[in-house]
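First comes the structure, then the notes that go with it.
Here, each number is a calculation from the coordinates, and none is a lab measurement. Since this is a predicted model, take the numbers as computed values, not measurements. All Cβ positions, even for glycine, are placed from backbone atoms using ideal geometry, and neighbour counts span all protein chains on display.
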Amino acid sequence: MSLLTVTLAIIAVLCTAVIFGTDVLGALVMRPTYAEIDDRSMVQVVGRSHRFGNQRMPIAGIGSVVASAATTVVALIAGLSGAGIAAAAGLVLLLVWLVLFNRISLPINKTFIAAVDDGVVPADARALQTRWDSIITLRASLQGLALLAFCVAIALAAA
């Protein structure tokens, strides 16, 4: 059961790392880039990138939640309480991220995607991007802490 716990936690790490890396890129690279380009270009780049993200990123997001939940359950059943608690902490962090994403980021993503499809620049495009940017550091931090929790789970399960 220890090997299964470690394997599931590694899957959680790999899936979470995809989202973490994307959020860190958004915080460190894309946010300042968008600030330096005109509104039409920003809407085009943001809308198109969110289209691809919304289509492709759920695989990693769902994988991270499922793997972290499975790690928690398997670790607790195996009597690896420390690993189970660490994995559960990671799961909670991912669920908080998911709430923030669904309530704030996703509606903005959809607005930018629709703007690209309609060939328009929303009058509030900068305000929308500012709102999206306002939680990207928090989102990246939640993902980073979840990664740390899964690494702790691996260390405790393998000990």
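Things worth noting here:
- Within the listed set 120, 46, 96, the Gaussian network model of the chain (springs between alpha-carbon atoms below 10 Å) gives the highest mean-square fluctuation for 120.
- Most mobile listed residue (126, 31, 103) in the chain, GNM with C-alpha springs under 10 Å: 103
- Taking a sphere under 12 Å around the Cβ of residue 140 and counting the other residues whose Cβ falls inside, with K and R at +1 and D and E at -1, yields a net charge of 0.
- Calculated Rg and Dmax of the Cα atoms in Å (choose from (i) 14.7, 45; (ii) 17.8, 57; (iii) 24.7, 80), label: (ii)
- Kyte-Doolittle at least 1.6, axis length at least 24 Å by Cα - qualifying DSSP helices, the chain: 2-25, 58-77, 81-100, 136-158
- At R0 = 25 Å, FRET efficiency that the Cβ-Cβ distance of residue 124 and residue 103 yields, to 0.05: 0.90
- Gaussian network model of the chain, Cα within-10 Å springs - most flexible of 75, 67, 125: 125
- FRET efficiency, residue 7 to residue 134 (Cβ-Cβ, R0 41 Å, nearest 0.05): 0.65
- Between residue 78 and residue 45, the C-beta separation translates, for a Förster distance of 41 Å, into a calculated FRET efficiency of about 0.30.
- Here the relative contact order of the range 2-158, from alpha carbon pairs under 8 Å that lie six or more residues apart, stands at 44 percent.
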